[in-house]
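For reference, the structure discussed in these notes is given below.
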Amino acid sequence: MKLIIAIIQPHRLEDVLKELDKAEIHLKTVSNVLGCGRQKGRTEVYRGRKETGNLLKKVRIEIAVNEGFVRPTIDAVMRGAKTGNIGDGKIFITDLAECIRIRTEERGEVAIG
Amino acid sequence: MINSGDTAWVLMSTAFVMLMTAPGLAFFYGGLVRRKNVLATMMQSFFVLCLISIQWILWGYSLAFGPDTGHFIGSLAWAGLKGVGMAPNPDYAATIPHLLFMVYQMMFAVITPGLITGAFAERMKFSAYVLFTLLWATLVYDPVCHWVWGAGGWLRNMGALDFAGGTVVHVSSGISALVCALYLGKRRGYGREPMPPHNLPLTILGASLLWFGWFGFNAGSALCAGELAVWAFIATNTAAAAAALTWMFIEWKVTGKPTILGGATGAVAGLVAITPAAGFVSPLSAILMGIAVGCVCYTAVAVIKLKLAYDDSLDAFGVHGVGGTFGALLTGLFAQKLINPAGNNGLFFGNAAQLGTQAIGVAATIVYSVVITFILLKVVDAIVGLRVPDEEEVVGLDITQHEESAYTLLD
């Protein structure tokens, strides 16, 4: 089992969700987050005072998958999120120790999908 | 003789000016602070409305407008509104009930200390604020108001022009704001951490309500529903628009983009500057005054303040102190008897002496406000302490001063 965390541009969210649906990956958690990478944040000006390095709005998608779905999930996120510009985001993949469905108390791979 | 049209207009104007403090000023300032301080900031505007409404009836009106004592302050003969009734007082307004003039002036007394709160936002103890405001209204506002507007006041006798309170309201509060900012010191992290406004739509709403209320402030100061009110109304709107445009065009040129915060700030600066002049100047003069004050206040707020690095948090001095001083002096240039026979001509209309009179009025107000405000801050600091402790400043004033928060994290 893996946990896939994708940090993407907010305006790519709809496309990523569509691609995930097409790949039949339906379970995910989405949150608004702040962050910056090579874009180095954004400058804002208030009454002439420049404030540099303000964090940028990003969207974070978390998807827990069994081994067979790792590749399709990554491909779906790439198709939806990639524009080729700085700021497209990143995908992180970690091993997932356990997964428990609260309603049925099922554990492991059956609990994921 | 009471005139029902005049009475109706001043009644309406009184409500307009009340609207400037809450919600106008409350939203204007509330949006500019960080989210942990929004309620405490709005509270300062709301509270001053309640506090000075009572102070004014008990002794404030009498000190400001009561029977003259040495051309400096009113006596306490009218304390508790003794002898202030429905019969008009021709010294102030011959066609409306004296009580109506009293309550109209009450709303000016309310907003003036409210303006100062922009200077010490996000770090003053609430108890200190209450005490300071009550003392300041009594010992700074009431006397200065008497000098300029009270029958027998020495600036009124000298012929200083202040149509709706450029000196009385904006210079006195603006210069006191600077003293507060310097005395209290910077907010923790000022200049190192970003402190962006947490909700600009609130600020824009507040600024627009201020603009609206200012028609009552300036056109209402005609104290009649006649030609003078029309002149003042037009000058007010014109100066606000000209100053807002000026500010936004400067930003466009200097920092690359016009901002709505800049537009709102410029509009308020224009309104401040036209306040002493509203009933004395033509619409074209109002345009010139708006452009000039837009340039001056932008420089004060966006250049000088950053260079000198004092923390006038919401620019109470930069807008009201600088704009008010500048407007009072410009009144000495642009005033003309053609608009208001009861006024005087300024330098551009052949009466250079008026500029000197205006300067004396401004200088006296500045010196007096600085000295008394400094003493009051010392006194209040000694009694209750002015600043919240550092850890309370970090947590925010909403929780530490009032035990409530504006925005819940979860529904």
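Quick note: the coordinates plus some simple rules give every number you see, no bench work behind them. Remember, it's a predicted structure, so these values are computed and weren't measured experimentally. For neighbour counting, all protein chains shown are included, and Cβ atoms are generated from backbone atoms with ideal geometry for every residue, glycine included.
Brief remarks follow.
- Cα long-axis angle, helix A:70-81 against chain A (0 to 90 degrees, to the nearest 10): 30 degrees
- Residue ranges B:128-134, B:215-221 sort as B:215-221, B:128-134 when ordered by packing (mean number of other C-beta atoms within 10 Å per residue, highest first).
- For segment B:231-250 versus segment B:46-78, the gap between their alpha-carbon centres in whole angstrom: 33 Å
- Helical segments meeting 24 Å axial Cα length and Kyte-Doolittle 1.6 threshold in chain B (DSSP H): B:38-55, B:98-116, B:353-383
- Highest mean packing comes first when the peptides B:314-327, B:195-208, B:170-183, A:60-73 are listed by Cβ atoms within 10 Å, giving B:314-327, B:170-183, B:195-208, A:60-73.
- Oblate is the label for segment B:3-83. Its Cα gyration tensor axes, ordered a ≥ b ≥ c, give a/c of at least 1.5 and b/c at or above a/b.
- Neighbouring partner chain Cβ atoms per residue of A:46-59, average, 10 Å criterion: 5
- Peptide B:247-259 shows a mean partner chain C-beta count of 2 within 10 Å per residue C-beta.
- The mean sequence separation of alpha-carbon pairs under 8 Å and at least six residues apart, normalised by the residue count of chain B, gives a relative contact order of 23 percent.
- In straight-distance terms, cross-link reach from B:K337 covers every one of the lysines whose alpha-carbon lies under 22 Å from its own, apart from those fewer than eight places away in the same chain; here that gives an empty set.
- Cα gyration tensor, segment B:104-257 - rounded (a/c under 1.5), prolate or oblate: oblate
- The magnitude of the dipole of the protein assembly as shown, with charges of +1 and -1 set on the Cβ of Lys/Arg and Asp/Glu and taken from the Cα centre, is near 1200 debye.
- Mean separation of Cα contacts under 8 Å, 6 or more apart, over the residue count of segment A:2-112: relative contact order %: 41 percent
- Take each peptide in B:294-306, B:83-95, count the other Cβ atoms within 10 Å of every residue, and average; sorted highest first, the result is B:294-306, B:83-95.
- P(r) weight above 31 Å for the protein assembly as shown, C-alpha pairs, percent: 52 percent
- Proximal charge balance of B:G318 [Cβ under 13 Å; K/R count +1, D/E count -1]: +1
- Violating pairs (Cα-Cα greater than 25 angstrom) within the set A:K50/B:K305; B:K186/B:K257; A:K40/A:K90; A:K57/A:K82: B:K186/B:K257
- Charging the Cβ of each Asp and Glu at -1 and of each Lys and Arg at +1, and nothing else, the dipole of chain A about its Cα centre rounds to 820 debye.
- Positive-end residue, the protein assembly as shown charge dipole about Cα centroid, Cβ charges, pick of B:V84, B:V110, B:N3: B:V110
- With a 10 Å cut-off around each Cβ of B:8-21, the average count of Cβ atoms from other chains is 0.
- Helix A:13-22 axis, angle to chain A major axis (alpha carbon atoms, nearest 10°): 20 degrees
- CD proxy at 222 nm, helix term only [per DSSP H run n ≥ 4: -39500 (n - 2.57); per residue of chain B; nearest 500]: -18500 deg cm²/dmol
- Think of chain B as a dipole: +1 on every Lys or Arg Cβ, -1 on every Asp or Glu Cβ, centred on the Cα centre; then among B:A121, B:A26, B:I175, B:I175 lies furthest on the positive end.
- Histogram of C-alpha separations across segment A:2-112, 5 Å bin width, %: 2, 11, 19, 20, 15, 12, 8, 5, 3, 2, 1, 0
- Overall form of segment B:4-402 per C-alpha gyration tensor (a/c, 1.5; a/b vs b/c): oblate
- Gap separating the Cα centres of segment B:366-380 and segment B:277-334, nearest whole Å: 23 Å
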